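To start, the structure itself, in structure tokens.
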Amino acid sequence: MPEAPELHVAVEFLESCLPGQTITEAQVLRPSVVRSLADPFPEDAVGREFLSISRLGKFLLLALSGDHTLVINPKLTGGIQYVPSKQRVFKRTCVRFALADGNDLRYIDDRQMGQFYYVPNDLIETVPGLAEQGPDVLDDFSFDDFKANLKGFSGEIKGVLTRGRVIAGIGNAYADEILFHAGVYPFKKRRALSDDELRRIHQSSRAVVLDAIGQVRQRMGNQIDHKLRDFLAVHNKGGQPCPQCGNAITELRANQTITSYCRHCQPGMLLKN
Ligand SMILES: [Zn+2]
């Protein structure tokens, strides 16, 4: 799933080429991902101009002229492509906009689990999951705010982080990276975490994501639907040496989710509170 670093760099790219461009043609190829909250889509979008691009947690917002916005929740396999209109349209393409400059903006989604909303601006808040997100991982929120936000959530810290209500923009991969950086066992229960561990998680969240943005920016170019994660320390690197201590990284799979961590650097016991 694209997370804050990939989406952040995708936004930078789109901001450099989309604003000012008009949608000359719009096509829905896979209607199951599309949710139009008021107007007929795609017809109503044709002729509108892109104004600005932004990210809110794990959502992308593409503001259009005439007080409308495309809100994209890419979930597991969604992504955006900005490609020449003549380039082959993949089967996984769900929505396609032709632009005046000869390029297409396409929403692609292998498993069609993502959601693509076309909404009047006064209804943006009603997009499911958008307004319920916590402060963005790049927002400068204090440790006290972080602690106060955490209060309402119990369960394992990794799950708390990926749910997006305490910090928005973090998914499975970056939760592993943040907890490794913080030296915290991913399955430790939120209530069992010490103040010191919480402080380290708070600091690591922003630091890890900022560092990743730099790494992704170097690699991504215009391939903004790609997930570039070769530089990660532990996620998806089961069996490989921990960059900190050299012991093999542990990888566990539960509910179709991989958790990678170092038993030595992130000590803890499974099934213990
Ligand atoms: Zn280690």
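The values are calculated or read from the model by the stated rules, or taken from the named source; none is laboratory data. Note that the coordinates shown come from a computational prediction; the quantities given were computed from them, not determined experimentally. Virtual Cβ from ideal backbone geometry, glycine too; neighbours counted across all protein chains shown. In case anyone asks, the SASA skips ligands and DNA or RNA and just uses the protein heavy atoms, side chains included. Shrake-Rupley method; radii C 1.70, N 1.55, O 1.52, S 1.80 Å.
From the alpha carbon centroid of region 54-126 to that of region 144-169 is 28 Å. For a modelled paramagnetic label at D139, 7 Å from Cα along Cα-to-Cβ, the residues of region 52-66 in reach, with backbone nitrogen under 15 Å, are 55-59. With all protein chains in place and ligands, DNA and RNA left out, the 1.4 Å accessible area ranks C265, C94 as C265, C94, largest first. For region 70-229, the relative contact order comes to 21 percent (Cα pairs under 8 Å, sequence separation of at least 6). Accessible area of M113 (1.4 Å probe, protein heavy atoms only, ligands and nucleic acids ignored): about 80 Å².
Residue separation of M113 and T24 scaled by 0.36 nm, minus their Cα-Cα distance, works out to 29.3 nm of gained length.
Each listed q (0.12 Å⁻¹) maps to a log10 I(q)/I(0) for region 1-74, found by the Debye formula over equal Cα scatterers with no solvent: -0.34. Overall, the ratio between the Cα radius of gyration of region 74-142 and 2.2 N^0.38 Å, rounded to two decimals, is 1.39.
Taking label positions 7 Å along the Cα-Cβ direction at both R191 and K86, the computed distance is 6.4 nm, reported to one decimal. With both residues required to sit in the chain, DSSP beta bridges show an antiparallel share near 90%.
The helix-based estimate of mean residue ellipticity at 222 nm for the chain, built from -39,500 (n - 2.57) per DSSP H run of four or more residues and divided by its residue count, is -7500 deg cm²/dmol to the nearest 500.
Fully extending the segment from D230 to K151 would add 25.0 nm, taking 0.36 nm per residue of separation and subtracting the current Cα-Cα distance.
Spacing of the modelled spin labels on N222 and L210, each 7 Å from Cα toward Cβ, amounts to 3.2 nm. The mean sequence distance of close C-alpha pairs (under 8 Å, at least 6 residues apart), as a share of the length of the chain, puts its relative contact order at 19 percent. The HN-Hα couplings worked out from phi for region 61-71 by the Karplus form 6.51 cos²θ - 1.76 cosθ + 1.60 (θ = phi - 60°) are 10, 10, 7, 10, 5, x, 6, 10, 9, 8, 10 Hz, whole numbers, x standing for Gly and Pro.
Within region 70-113, what residues put their amide N at less than 18 Å from the label point 7 Å along the Cα-to-Cβ vector of E49? Under cut-off, by backbone N: 70, 98-103. Relative to the 2.2 N^0.38 Å rule of thumb, region 132-221 has a C-alpha radius of gyration ratio of 1.03. Over region 177-273, the fraction of Cα-Cα pairs per 5 Å bin, rounded to whole percents and listed from the shortest bin up, is 2, 13, 19, 22, 21, 13, 6, 3, 1, 0.
Here the gap between R263 and N121, fully extended at 0.36 nm per residue and compared with their Cα-Cα distance, gives a gain of 46.4 nm. For the pair Q240 and L76, label points projected 7 Å from Cα toward Cβ lie 2.3 nm apart. The value of relative contact order for region 82-124, using C-alpha pairs under 8 Å at least six residues apart, is 35 percent. Output the pairs from K58/K147; K147/K188; K188/K227 with a Cα-Cα distance over 20 Å in this structure; if there are none, say none. Beyond 20 Å between Cα atoms: K58/K147; K188/K227. Amide H contacts under 5 Å for D136: A168, restricted to partners 5 or more places along the chain or on a different chain, H placed in the peptide plane at 1.01 Å from N. Taking a straight Cα-Cα cut-off under 17 Å and skipping sequence neighbours fewer than 8 places away in the same chain, the aspartates and glutamates within cross-link reach of K158 are E3, D136, D176, E177, D195, D196, E197, E251.
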